[in-house]
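The values are calculated or read from the model by the stated rules, or taken from the named source; none is laboratory data. All values reported here derive from a predicted model rather than from experimental measurement. Neighbour counts run over all protein chains shown; Cβ positions are idealised from the backbone, glycine included. Accessible surface areas use protein heavy atoms only, side chains included; no ligands, DNA or RNA. Shrake-Rupley method; radii C 1.70, N 1.55, O 1.52, S 1.80 Å.
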Amino acid sequence: MMKERKEIFATAKETAEAFGDYLMKEAGEKSVFHCALSGGSTPKMLFDYLAAKYRDSPLWDGIHFYWGDERCVSPEDAESNFKMTKERLLDYIPIPQENVHRVLGENDPEREAERYGQELLEYLPTHKGLPVFDLIILGMGEDGHTASIFPHQMELLSSEEVCRVAVHPDSGQKRVTLTGPVINAAHEVVFLVTGAGKKEKVSEIFNKTGEWESYPAAHISPVQGSLVWFLDEAAVGK
């Protein structure tokens, strides 16, 4: 039975920092902690905070980082989620290199989706054939997408594969993303949602009104775990 709760903070920065403390507390409760990261503006603030406050933490030895989605670009490309994480966090912390499991965005997208799926099955505990993360960090776009599951590819929410290739609806850019069943198999999923641009979708999802069922983010519901929303006041509105 899924447990859900909401944590609301005054600003995006406070939201990111509160989640940073929460993340490290959760990681400290396990000897090995498997976490999928997200791209976006709020994670930038999160990574800056972790790099500053937890730079010398002994917990990094047991933390394994993965990515919930990645753009199919090289790791040096400005669009790369890995590049952003490296420059904001990984370059500053003593995390073992073998604990960082990046999506090889420079490779053929279909082959990489298959390869990364296999890597997750190799490194993570599994349940009913799915890799089980300790925690998955998600954002939500102004169109209600999450990871790289967009409203025009709702089939990715129920795919039997671990990872799939997604296509951005406007740019046509290909991305490798976790599928819905993998996200919902996690012990915990945390949405980091900030900014007034998200307010309408947040309200529809929370109140089950409007077009809420057409938003991929509305279908994230961990089967055996918990769903936590870290939001700023701008994203919640009234």
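Odds and ends about this structure:
For every residue, the table says whether it meets (1) surrounded by fewer than 24 Cβ atoms within 10 Å (Cβ to Cβ); (2) in a helix (DSSP H, G or I); (3) small (Gly, Ala, Ser); (4) within 14 Å of the chain's Cα centre (by Cα).
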residue	(1), (2), (3), (4)
Asp143	yes, no, no, no
Gln153	yes, yes, no, no
Glu161	yes, no, no, no
Ser171	yes, no, yes, no
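- Flag for Glu112 being in contact with an Asp or Glu (Cβ under 9 Å, 6 or more places away or on another chain) and not in a strand (DSSP E or B): yes
- Selection from the range 196-238 of residues that are more than 17 Å from Ala18 (Cβ to Cβ), assigned to a helix (DSSP H, G or I) and open to solvent by less than 20 Å² (accessible area, probe 1.4 Å): Val202, Ile205, Pro216, Ala217
- Per-region count, the range 142-161, residues out of contact with any Leu (no Cβ under 6 Å at 6 or more places or on another chain) and either acidic (Asp, Glu) or farther than 18 Å from Cys72 by Cβ (or both): 10
- Residue within the range 34-54 that is within 23 Å of Pro222 (Cβ to Cβ), acidic (Asp, Glu) and open to solvent by 50 Å² or more (accessible area, probe 1.4 Å) present: no
- Residue match in the range 100-109 (condition: over 19 Å from the mean Cα position of the chain (by Cα) and either surrounded by fewer than 15 Cβ atoms within 10 Å (Cβ to Cβ) or within 25 Å of Ala51 (Cα to Cα) (or both)): yes
- Of all residues in the range 87-100, those that are over 23 Å from Glu119 (Cα atoms) and at pLDDT 95 or above have Cβ atoms under 9 Å from Cβ atoms of residues that are open to solvent by less than 80 Å² (accessible area, probe 1.4 Å) and of a type in the set (S, T, N, Q), 6 or more apart or on another chain, in Ile93/Ser57.
- Evaluated against (1) closer than 23 Å to Glu70 by Cβ; (2) open to solvent by less than 40 Å² (accessible area, probe 1.4 Å), His187 falls short on exactly one condition, (2).
- Among the residues making up the range 19-39, those that are among the aromatic types (Phe, Trp, Tyr) and touching a helix residue (DSSP H, G or I) at 6+ places or on another chain (Cβ under 8 Å) are Phe19, Phe33.
- Filtered residues of the range 117-139 (kept if open to solvent by less than 10 Å² (accessible area, probe 1.4 Å), assigned to a loop (DSSP other than H, G, I, E, B) and touching a helix residue (DSSP H, G or I) at 6+ places or on another chain (Cβ under 7 Å)): none
Yes or no, residue by residue, for (1) of a type in the set (S, T, N, Q); (2) part of a strand (DSSP E or B); (3) in contact (Cβ under 8 Å) with a residue 12 or more places away in the chain:
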{"residue": "Glu14", "(1), (2), (3)": "no, no, yes"}
{"residue": "Lys25", "(1), (2), (3)": "no, no, no"}
{"residue": "Ser31", "(1), (2), (3)": "yes, no, yes"}
{"residue": "Leu46", "(1), (2), (3)": "no, no, yes"}
{"residue": "Asp56", "(1), (2), (3)": "no, no, yes"}
{"residue": "Trp60", "(1), (2), (3)": "no, no, yes"}
{"residue": "Asp77", "(1), (2), (3)": "no, no, yes"}
{"residue": "Met84", "(1), (2), (3)": "no, no, yes"}
{"residue": "Val103", "(1), (2), (3)": "no, no, yes"}
